[in-house]
1. Using Cα centres only, tell me the gap between the stretch 151-224 and the stretch 255-300 in whole Å.
2. Can you give the Rg to Rh ratio of the stretch 162-259, both from alpha-carbon atoms, with Rh computed by the Kirkwood formula?
3. Tabulate in residue order the Karplus-calculated ³J(HN,Hα) for the stretch 234-250, using 6.51 cos²θ - 1.76 cosθ + 1.60 with θ = phi - 60°, rounded to whole Hz; enter x for Gly and Pro.
4. Bin all alpha-carbon pair distances of the stretch 74-164 at 5 Å intervals from 0 and give each bin's fraction as a whole percent.
5. What does the net charge come to around GLY241 if you take all other residues with beta carbon closer than 15 Å to its beta carbon, with K and R at +1 and D and E at -1?
6. Can you give the net charge of the other residues whose Cβ lies under 15 Å from the Cβ of ILE202, counting K and R as +1 and D and E as -1?
7. Would you mind computing, in nm to one decimal, how far apart the modelled labels at LYS292 and ALA150 are, each placed 7 Å from Cα along Cα→Cβ?
Amino acid sequence: MILLQNNPSETLSLSRLATSWLEGERHRLSLKDCPPPPGAGDLVVRAGPRYEAERIAALVGEREVGEALDATTDHAWLVLLGEYARQLGLIERLAEVPLEQRTREYTPQTKLIQSLVGVLAGLEYLQDFNDGPQPLVQDRAVIASWGQPAFAHYSGVSRTLEAADDQTLQAVIEVLQTLSQPFIDAEVMALVQGGRRLELDIDLTGRRVSPTSTTYPDADFGWMDNALHNGYQAALTSLSGGPCRRLLLSSQRYPGRAQSAACLQAAAREAEQVLGVRPRRRTEWVQTRLDKLTAQIQPL
């Protein structure tokens, strides 16, 4: 994209140029004025030149024409995820999550969004935001794609997560479920229309923590990765066989010593609630089996 100025002696902000072009009538285009697809709820997708101009203005900030802009990144996938999150409305919804904390520079919701970026980046520790090999706090492309002015120091993110309560957690879960539901509904519909079965995979996966740690609530020793470790068991339920191949439906956490049989029933019920469908309860099969067992028990 090339931006020109009429008077070479006049300095002009790049963001003001993008904004001026944004206000032009002949380049306006936004899918937010179109009706959403069936089952999408209030899902809004934004695209087109108008949206691109807004993004350019936000990225370059108050810079002068000719001033160098470093938009290189070591986390290109996070940039794409950030743009996708903005189009889905994820960032706007997370900004409304209730989280009470006194802060001076960054709102608690901003640091909550930053923690989500850390999860998507696969950071093992919060300090990796600042001390990792490619610190995310210095990656302007990632920060801009997630609609943030800057990333906070990891210590501030840690204090915010510590201040979060059950209400905050439930609000985050509801946001993620609301945005995920249209995709799940479309996956189920594609399988049903194709006359295919809904195949669910429920896996119990270990989540290890330090064996000497005492700060992880409800952590316990259990069998993980073919060895005994301290941590949790995560029951991950996914739907396979559809256009997305594998779609994660739910994740439930248990202490490390949890057994698969004890987690299966809760995972199946949660999956049925998310899918909105369930298999027919074949109670007549159970009754037939009970009748046979009764006939065998009576003589005894």
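No value in this document is a laboratory result; all are computed from the given coordinates. Bear in mind the structure is a predicted one, so any value in this text is a computation, not a measurement. All Cβ positions, even for glycine, are placed from backbone atoms using ideal geometry, and neighbour counts span all protein chains on display.
1. 26
2. On the way: Rg = 16.9 Å, Rh = 15.6 Å.
Rg/Rh for the stretch 162-259 comes to 1.08.
3. 10, 8, 9, 10, 9, 9, 10, x, x, x, 7, 6, 9, 10, 6, 9, 7
4. 2, 15, 28, 27, 18, 9, 1
5. Details: positive: ARG196, ARG197, ARG245, ARG246; negative: GLU187, GLU199, ASP201.
Local net charge: +1.
6. On the way: positive: ARG246, ARG253, ARG269, ARG278; negative: GLU199, ASP201, ASP203, GLU270, GLU272.
Residues near ILE202 contribute -1 overall.
7. 7.2
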